[in-house]
Amino acid sequence: MPEYVQTWRRKLRLKILVEIANHELKSNEEIETVYKKLDQEMKIRWNLVSTTRKLYLEDISKILTNQNVVAV
């Protein structure tokens, strides 16, 4: 069954945000600073509302702790 466009778009956005988070964490940034930067990126790039940004941040924290795996 083909994926819906929204699902594909969400996976792509998560992949981009995880890459940004990994880069920032490798440069020894604090996790709160990384979350603030990700929040700003979501506002600027995709104009996401606060509830959607919160869901994305929850997903990113799960991915970074290896609870979820994103397959893109």
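Of the residues Val18, Val34, Val49, the one that moves most in a GNM of the chain with alpha-carbon contacts below 10 Å is Val49. Shape class of the chain from the Cα gyration tensor (axes a ≥ b ≥ c, square roots of the eigenvalues): oblate, since a/c reaches 1.5 or more and a/b does not exceed b/c.
Here the sum of -39500 (n - 2.57) over DSSP H runs of 4 or more residues, divided by the residues of the chain, equals -25000 deg cm²/dmol at 222 nm, to the nearest 500.
Quick note: the coordinates plus some simple rules give every number you see, no bench work behind them. Note that the coordinates shown come from a computational prediction; the quantities given were computed from them, not determined experimentally.
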